[in-house]
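Notes to accompany the following structure.
The values are calculated or read from the model by the stated rules, or taken from the named source; none is laboratory data. All of these numbers come straight from a predicted model, not from anything done at the bench. Heads up, the Cβs are rebuilt from the backbone with ideal geometry, glycines too, and the neighbour counts pull from every protein chain shown. Quick note on the areas: whole protein, heavy atoms, side chains included, nothing else; ligands and nucleic acids left out. Shrake-Rupley method; radii C 1.70, N 1.55, O 1.52, S 1.80 Å.
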Amino acid sequence: MKNIVILVSGSGTNLQRIIDSIESGAIQNAKISLVVADRECYGLQRAKNHAIESILIPRGKNFSTELNKVIPENTDLIVLAGFLSILKPEFCENWTGKIINIHPALLPKFGGKGMWGMHVHHAVIEAKEKESGATVHFVTPGIDEGEAILQKSFEVTEDDTPETVAEKVHHIEYEIFPIAINKILNND
């Protein structure tokens, strides 16, 4: 059984999707051993609802050090699921090839510092992009610079707003995140 640690900052909808995918068998041979939040959020309640161990480590300069102390040694994959804190380079290097994130755009476009949530969708609309989507990628010391594992796109129409783009991106995230996790853990 592969061990997953999930980091959250918000409502935990991607966390819930991962939980559901493990329970349905879409993600095979895996369990979530720990959920870590960097702030009070509903993601912690979702973990509790499924009897998954969880911990709150408040954001701050020692976050990565404290996080490293609680991650089990037998962790196979660390998943950033709506996680908004930036991890220290040393932490990323320590877990090279074992940390993934989902980004609400088609990287390398619209990635980097400040590019999260609705900021991304506003930028996509302002740039008059013809497509957007989501990217599951490896986490490296450079923000949103890790190798893409899986991407999926959709057409952005003239009628789209940042809100409609966000809704479309969420649907794609829910679809591709479990596929990417299963692929990494089971070499699919």
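List of remarks:
- Note, ³J(HN,Hα) from phi for the stretch 65-71, Karplus 6.51, -1.76, 1.60, rounded to Hz, x at Gly and Pro: 5, 5, 4, 4, 5, 9, 6
- Take the Cα of residue 145, go 7 Å toward its beta carbon, and the backbone nitrogen atoms of the stretch 71-88 under 15 Å from that spot belong to 87-88.
- The dipole here belongs to the stretch 107-153: it is taken about the Cα centre, uses +1 on the Cβ of Lys and Arg and -1 on the Cβ of Asp and Glu, and is about 120 debye.
- Gain on full extension, evaluated as 0.36 nm per residue between residue 49 and residue 113 minus their Cα-Cα distance, stands at 19.7 nm.
- Basic side chains Lys and Arg get +1 at the Cβ, acidic Asp and Glu get -1 at the Cβ, and with that the dipole of the chain about its Cα centre reaches some 580 debye.
- Beta bridge orientation in the chain: antiparallel %, DSSP, nearest 5: 40
- Rounded to the nearest 20 debye, the dipole size of the stretch 88-188 about its Cα centre is 340 debye, using +1 on the Cβ of Lys and Arg and -1 on the Cβ of Asp and Glu.
- Share of carbon and sulfur in the accessible heavy-atom surface of the chain [1.4 Å probe, %]: 50
- Per residue, the accessible area of the stretch 1-94 comes to 49 Å², computed with a 1.4 Å probe over protein heavy atoms only.
- Using alpha-carbon coordinates, inclination of helix 162-186 to the longest axis of the chain, degrees: 40
- Prolate/oblate/rounded call for the stretch 1-98, Cα gyration tensor, a/c under 1.5 rounded: oblate
- Correct option for mean projected area of the Cα convex hull in nm² [calculated from the coordinates] among (1) 19.4; (2) 10.6; (3) 10.0: (3)
- At most 13 other Cβ within 10 Å, DSSP loop - trypsin sites (Lys or Arg not before Pro), the stretch 118-173: 128, 130
- For the chain, built as a Gaussian network whose Cα springs stay under 10 Å, the top-fluctuating residue of 160, 76, 38: 160
- The phi-based Karplus calculation (6.51 cos²θ - 1.76 cosθ + 1.60; θ = phi - 60°) puts the 3J(HN,Hα) values of the stretch 89-96 at x, 4, 5, 4, 5, 4, 10, 3 Hz, whole numbers, x for Gly and Pro.
- Computed from phi, the 3J(HN,Hα) profile of the stretch 22-28 under the Karplus parametrisation 6.51, -1.76, 1.60 (θ = phi - 60°) reads 5, 5, 7, x, 5, 9, 9 Hz, with x in place of Gly and Pro.
- 30 Å Cα-Cα threshold exceeded, pairs from 69/109; 48/183; 48/130; 113/168: 69/109; 48/130
- Cut-off under 5 Å, modelled amide H: who pairs with residue 152 long-range: 134
- Gain in span if fully extended, residue 84 to residue 96, counting 0.36 nm per residue against the direct Cα distance: 2.4 nm
- Longest DSSP-loop-exposure-free segment, GluC sites (Glu not before Pro), the chain, at most 15 other Cβ within 10 Å: 74-144
- Cα gyration tensor category, rounded, prolate or oblate, for the stretch 100-183 with a/c compared to 1.5: oblate
- Model label sites at residue 126 and residue 159, defined 7 Å from Cα along the beta-carbon direction, differ in position by 2.6 nm.
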